[in-house]
Amino acid sequence: MLPLPAGAMPLPPQSGATPESQASPSTVTPSGTEPAPAGNVPTFETLARAAAPMADLGTLLAPFAGKCDGEARDLDRIRCRATRAYLRKVIPRRSFWAVVDDPATIAVSPFDAGIRGYHLSVAGCLACTRPVTVGRTNEKRLITLKAPEKEGESLRAAVEIGRNSVAFSSLPEAKTWLDESRPDLRTQFVFQPADTEWSFGPSRGYALKLLGMRVFNRCTGEILVSRPPSTGIADMPGMEEGCKRRKSASDADLNKAPPPGMSDQLTKNEISLAMSIIRPQVFACFKQFKVPGLAQFDFVVAGNGTVISLRLSGAFFGTPTGSCLIEAGQNARFPRFARARQTFVYPFFLRE
């Protein structure tokens, strides 16, 4: 999540999801959990700091591919099997991260006039278009972050892991974003190795365990999608290589004194504008499951405008409608403000 892109505007109200005024603050916890201390809220940065960078997927997966029968001597075969058994036990306990630019990872829809922007789809593709050589056996395998689910679709569609949307105030601004920012989007995954093998049509591959993902602009560090939420900007060595535009912010900037005119905290109007962006997605949840009622979102938002945590309280907690609503709420974006964080409640009435 990040502050609204340049030119981004709230969508017009639609029937079916009617927001009410901001209510008083309440305790907010990670989505889908019972109340927990605010300091224990998981973030993408927490996952990434605990993980090691991984550039060679083939070597990482080598213990899960091939056999030791090719070794000429019995002693070498014994050593090979012992080493493989040890690595197959130890490696899945560790986590790794990688930034990928596989063309299948990010898909942007044609311009949608209904939302005045684009739909963004993220696939769990570490290597969906360029096979990876795994181990010494020279096996060529595709690497994903979920096993393909629906035969007959494209591999990319079968391993999709998330969707989001980006809205703008005008078609020219939307086209400018598509031309200038879309090529700079990259995906960072945090994952654990696994030996889940899959076949999909003529393709064969391995599915690793997804822990977290985020889509960011490599030239500005701005984050478009993050699961779990990010609390800062993306800032990794070398990510700006070849960029013509300077970064718009940095982690150090976020700790500086706020510029003159910045609000101490989010105003009711700023919250309402951000909520109007996700209103179509909230209404889509109602249209899908047809369950009316009050959906109350409990937000914790960082001073840089990113959602630290989100919980859905009330009757929809733990229901299919609630899961859909959480996905919609996590797409909320807010402007920056001076305080470190802000807690607030925002209700939607779901009805015809």
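The values are calculated or read from the model by the stated rules, or taken from the named source; none is laboratory data. The structure presented is a predicted model; accordingly, all values stated were derived computationally and were not measured. Heads up, the Cβs are rebuilt from the backbone with ideal geometry, glycines too, and the neighbour counts pull from every protein chain shown. To get the accessible areas, we keep the full protein, side chains included, count just its heavy atoms, and leave off ligands, DNA and RNA. Shrake-Rupley method; radii C 1.70, N 1.55, O 1.52, S 1.80 Å.
Mind checking which residues of segment 64-122 are hydroxyl-bearing (Ser, Thr, Tyr) and in contact with a Ser or Thr (Cβ under 9 Å, 6 or more places away or on another chain)?
105, 109, 118, 121
Cβ-Cβ below 9 Å, separation at least six or inter-chain, first residue in segment 50-64 and within 18 Å of residue 196 (Cβ to Cβ), second open to solvent by 80 Å² or more (accessible area, probe 1.4 Å): which pairs?
Hits for this filter: 62/136; 63/86; 63/88; 64/88; 64/197.
Between a first residue in segment 175-200 that is under 22 Å from residue 60 (Cα atoms) and a second residue that is among the small types (Gly, Ala, Ser) and open to solvent by 30 Å² or more (accessible area, probe 1.4 Å), which pairs have beta carbons less than 7 Å apart while being 6 or more apart in sequence or on different chains?
Final answer for the pair search is 196/147; 198/147.
Please work out which residue is farthest from residue 273 (Cα to Cα), limiting yourself to segment 130-151 and to residues that are open to solvent by less than 40 Å² (accessible area, probe 1.4 Å) and in a strand (DSSP E or B).
134
Take the residues in segment 102-146 that are of a type in the set (Val, Ile, Thr) and touching a helix residue (DSSP H, G or I) at 6+ places or on another chain (Cβ under 7 Å); name whichever of them is farthest from residue 63 (Cα to Cα).
So, considering only residues that are of a type in the set (Val, Ile, Thr) and touching a helix residue (DSSP H, G or I) at 6+ places or on another chain (Cβ under 7 Å), the one farthest from residue 63 (Cα to Cα) is 115.
Would you pick out the residues in segment 212-228 that are over 18 Å from residue 335 (Cβ atoms), hydrophobic (A, V, I, L, M, F, W, C) and in contact (Cβ under 8 Å) with a residue 40 or more places away in the chain?
Those that are over 18 Å from residue 335 (Cβ atoms), hydrophobic (A, V, I, L, M, F, W, C) and in contact (Cβ under 8 Å) with a residue 40 or more places away in the chain: 213, 215, 225.
Restricting attention to segment 60-87, and to residues there that are assigned to a helix (DSSP H, G or I) and among the aliphatic types (A, V, I, L, M), which single residue is most open to solvent (accessible area, probe 1.4 Å)?
78
Of the residues 170, 165, 154, only one is open to solvent by 60 Å² or more (accessible area, probe 1.4 Å) and of a type outside the set (Asp, Glu); which?
Testing whether each residue is open to solvent by 60 Å² or more (accessible area, probe 1.4 Å) and of a type outside the set (Asp, Glu) leaves just 154.
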